[in-house]
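Single-structure report; data block below.
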Amino acid sequence: MLEHLIDPRNCIDLCKSLVTKAGYILFSTPERDNLRGKKCMASGHPQHVREWNRSEFIELLKNSNLKIV
């Protein structure tokens, strides 16, 4: 769902506020490099505001102070 949001950080923050310390949040998003190749920066889906590759998505989550497991 994050790929549909202009600023996904608000949604990430909301999820963080709702999960318990022992809980997990599962985020899933299309992997741009796998779908269209490493050089493609455009989305084939008209409702996707942004798509990430694996390293970009991990960086987004780490910058939101989430632990990646």
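The values are calculated or read from the model by the stated rules, or taken from the named source; none is laboratory data. None of the values given here were measured: they were computed from a predicted structure. Reconstructed Cβ throughout: ideal geometry from the backbone, glycine too, with neighbour counts over all protein chains shown. Surface accessibility is based on the protein's heavy atoms, side chains included, excluding ligands, DNA and RNA. Shrake-Rupley method; radii C 1.70, N 1.55, O 1.52, S 1.80 Å.
Quick rundown of the values:
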| item | result |
| --- | --- |
| Alpha carbon convex hull of the chain, projected area averaged over orientations, nm² | 4.8 nm² |
| Once exposed loop trypsin sites (Lys or Arg not before Pro) are cut out (DSSP; at most 11 other Cβ, 10 Å), longest piece of the chain | 40-66 |
| Per residue accessible area of the chain, 1.4 Å probe, in Å² | 77 Å² |
| Mean separation of Cα contacts under 8 Å (6+ apart) over length of the chain, as relative contact order % | 36 percent |
| Helix axis angle, 8-18 relative to the chain longest principal axis, alpha carbon, degrees | 30 degrees |
| Under-5 Å amide H pairs with Glu31, H placed in peptide plane, nonlocal only | none |
| Theoretical ellipticity at 222 nm over the chain - DSSP helices of four or more residues, -39500 (n - 2.57) apiece, nearest 500 | -10500 deg cm²/dmol |
| Angle between the chain longest axis and helix 54-63 axis [Cα atoms, degrees, rounded to 10] | 30 degrees |
